[in-house]
Amino acid sequence: MKKNTEITIWSLKGITCLIREMPTAYNIISIRNSDMAQPEYEVFDKFRPNYAGIITEYFDDIVTPQDGFTAPTQEDISRILKWAMDKELIAVHCGAGISRSSAIAYLIACHRSSPKEALKVLDPMKHSPNRLILYLGMEVLGDKAVMSEYMGWFDRSYAHVKMPPENMNA
């Protein structure tokens, strides 16, 4: 079983700066918006010698189907998990490095260890995993603990945040 510390989460800007500046041993999971212009991703071709491997998936950061957007599917999640299974030093990126990439990183970590242990790849100050991706991953992995452990982490991480009263604007 591989260590989860080998999984890192990046924004598009962060990962492109990294591979432009130096060779790495990263295997990259590139999560791209369905409508993002291709020039944004030319760096991956131009600096191909600077990373070990890449898988590219196209879906948007949505939690329910919406016209004009591409939702992630179980097939997308299965393909990513299968690709990542034998890889080390995985760098997962999406546009901002907050939602889709953190969900995928957590699912890869869940595939390699327990969901409780997998939570260590997440930082509550940076990450807010996409819940649709988590749900699909739970289905693919056949493990309800993927969601229950995440929900417990979320509740603990944000217990200090005070919500305004419901009738505040009444």
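The values are calculated or read from the model by the stated rules, or taken from the named source; none is laboratory data. On a predicted model such as this, the values are computed, not experimentally measured, just so you know. In this analysis, Cβ positions are derived from the backbone assuming ideal geometry, glycine residues included, and neighbour counts consider all displayed protein chains.
Given (1) within 30 Å of Ser148 (Cβ to Cβ); (2) aliphatic (A, V, I, L, M); (3) outside any helix (DSSP H, G or I), where does Leu81 come up short, assuming only one miss?
Only one criterion in (1) within 30 Å of Ser148 (Cβ to Cβ); (2) aliphatic (A, V, I, L, M); (3) outside any helix (DSSP H, G or I) is unmet by Leu81, namely (3).
Can you name every residue in region 8-22 that is over 13 Å from Glu42 (Cα atoms) and either in contact with a Cys (Cβ under 9 Å, 6 or more places away or on another chain) or of a type outside the set (S, T, N, Q) (or both)?
Ile9, Trp10, Ser11, Gly14, Leu18, Glu21, Met22
Out of curiosity, is Leu119 among the hydrophobic types (A, V, I, L, M, F, W, C), out of contact with any Gly (no Cβ under 9 Å at 6 or more places or on another chain) and either part of a helix (DSSP H, G or I) or modelled with pLDDT of 95 or more (or both)?
no
Would you check which residues across region 49-78 are assigned to a loop (DSSP other than H, G, I, E, B) and hydroxyl-bearing (Ser, Thr, Tyr) and list them?
Of everything in region 49-78, those that are assigned to a loop (DSSP other than H, G, I, E, B) and hydroxyl-bearing (Ser, Thr, Tyr) turn out to be Tyr51, Thr64, Thr70, Thr73.
Check whether at least one residue in region 39-58 is within 19 Å of Tyr135 (Cα to Cα), surrounded by fewer than 21 Cβ atoms within 10 Å (Cβ to Cβ) and aliphatic (A, V, I, L, M), and report yes or no.
no
Could you please give the count of residues in region 6-34 that are among the charged types (D, E, K, R) and more than 16 Å from the chain's Cα centre (by Cα)?
2
Check off (1) over 19 Å from Ser102 (Cβ atoms); (2) not in a loop (DSSP other than H, G, I, E, B) for Ile28 and give me the number that stays unchecked.
Ile28 satisfies all of (1) over 19 Å from Ser102 (Cβ atoms); (2) not in a loop (DSSP other than H, G, I, E, B) except (1).
Among residues belonging to region 104-155 that are farther than 22 Å from Asn27 by Cα and within 12 Å of the chain's Cα centre (by Cα), point out the one that is surrounded by the most Cβ atoms within 10 Å (Cβ to Cβ).
Only one residue fits best here, namely Leu132.
I'm checking my understanding of the structure. Among residues of region 63-103 that are among the hydrophobic types (A, V, I, L, M, F, W, C) and surrounded by fewer than 18 Cβ atoms within 10 Å (Cβ to Cβ), which one is farthest from the chain's Cα centre (by Cα)?
Phe69
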